[in-house]
Amino acid sequence: MSLSVEGYGGLILIGLMAIVTLITRFGGVLVMSFIPISPRVESFINAMSGSVLIAILVPIAVEGDTGARLALVATAVVMLVVKRPMPAIAAGIATAAGWRFLFG
Amino acid sequence: MSQYVAPSLSVRGTWEGFWRLLPLCFFVTAFGLAYGLAAVQTGLSQVETVAMSMLVFAGTAQFAALDLWGMQVPILPLLVTTFAINARHLLMGASLYPWLRQLPVYRRYGVLLVMSDANWAMTLNELHSGRNNLGLLLGGGIALWFTWLCGTVLGMYFGSAIARPEVFGLDMVLGCFMLSMALGGRKNARMLTAWVIAGLSALAAYWWLPPNTHVVVGAICGGLVGVFWLERPR
């Protein structure tokens, strides 16, 4: 089933996307409010929260170009040394841009 | 449950959160710019382009929507893609639940309106280290939302200046941010095991499962490590 973007069609589609996205923003908390929190559930939540970050990162690192990988290396090094996120992110972005400018 | 400090949500804390996230918003603006340009090139009207940034407020899903956009847009694929990409919000929200449950319902869902990757990750690190400012989520989210919108509007008019964000390394903003948050958080053997499992399963899902499922698969597999490996009671 398709919707034409003529008239209000486009805005209706955007409204539907907004509703779906809102369901994802609210849904996790809503579902949790029906689950009694045991130590096991709590442990799941804790292990899962860091895993979200890693799961987003891995394909970027594996499928990315050399610039992308070096950016992550630079971010990691600066983060472990300086321990502040902004310089680490800036270093990563500058590395990607620099590598691609020179060798891309 | 006493180890979860009661979260505080105040105007002052929200203001603080706004300023904490604002430096990152420079990059967010640049990304919004790229979206604004892409949307106009795809044929969205100006009202539609702005409405999407305002109401959906989820960059990756918005770019994916542009891929499906045409004179006729297939509704189900659009909504399934949106859901799959944004399903990580479900897990992000769940991870904040131990703190959010201590708030009245309208505030609990109010702050979730602006939950996004960056302000969520920063808030979670903050809460785990015992500070209790939920204003970081709200204020940071407002900063992200506002600059995402500004970027979108700028992109509609001046987007061609930054037609290829990857030349400036801007495609790496999210990745570098996530990495810095992961490295800044708590580290122990249990967490590192969860990370390895999450990474491997996310990669497997990325290669062999339908598109956009890898984040949820990886996160749930990492979480299962926690189910079977409990932390010793503090």
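In chain B, if the dipole is taken from +1 on Lys/Arg beta carbons and -1 on Asp/Glu beta carbons about the Cα centre, which of B:T42, B:L138, B:Y157 is farthest to the positive end? It is B:L138.
Think of each Lys and Arg Cβ as +1 and each Asp and Glu Cβ as -1; about the Cα centre, that makes the dipole of the protein assembly as shown roughly 1180 debye. Solvent-accessible area per residue in region A:53-103 equals 48 Å², computed with a 1.4 angstrom probe and all protein chains kept. Taking a ≥ b ≥ c as the square roots of the eigenvalues of the alpha carbon gyration tensor, region B:125-231 is oblate, as a/c is not under 1.5 and a/b does not beat b/c. For the peptide B:69-79, the mean number of other protein chain Cβ atoms found within 10 angstrom of a residue's Cβ is 5. For the chain pair A and B, the interface hides roughly 6900 square angstrom of accessible area in total, found with a 1.4 Å probe.
With a 10 Å cut-off around each Cβ of A:2-14, the average count of Cβ atoms from other chains is 6. Residue by residue along B:183-190, Cβ atoms of other protein chains within 10 Å of the local Cβ number 3 on average. Of the residues making up region A:68-98, those losing 30 Å² or more of accessible area when the isolated chain is joined by the remaining protein chains, with a 1.4 Å probe, are A:L72, A:T75, A:M79, A:L80, A:P85, A:M86, A:I89, A:I93, A:A97. Charge dipole of region B:11-186 (Cα centre as origin; +1 on each Lys and Arg Cβ, -1 on each Asp and Glu Cβ, all else neutral): 620 debye, rounded to the nearest 20.
Could you grab the relative contact order for chain A? Cα pairs under 8 Å, six or more apart, rounded to a whole percent. Once normalised by length, the contact order is 16 percent.
Give the calculated FRET efficiency between A:E6 and B:A204 to the nearest 0.05, with a Förster radius of 41 Å applied to their Cβ-Cβ distance.
Working from the Cβ atoms, E equals 0.45.
Packing around the peptides B:16-27, B:71-82, taken as the average count of other Cβ atoms within 10 Å per residue, puts them in this order, highest first: B:16-27, B:71-82. Counting only protein heavy atoms and a probe of 1.4 Å, the accessible surface of chain B is 70% carbon and sulfur.
Helix-only mean residue ellipticity at 222 nm, the protein assembly as shown, DSSP H runs n ≥ 4 weighted -39,500 (n - 2.57), per residue, nearest 500. What is it?
It lands at -25000 deg cm²/dmol.
The values are calculated or read from the model by the stated rules, or taken from the named source; none is laboratory data. Source: prediction; values computed, not measured. A quick note on method: Cβ atoms are made from the backbone with ideal geometry, for glycine too, and the neighbour counts reach across all protein chains shown. All accessible areas refer to the heavy atoms of the entire protein, side chains included, with ligands and DNA or RNA removed. Shrake-Rupley method; radii C 1.70, N 1.55, O 1.52, S 1.80 Å.
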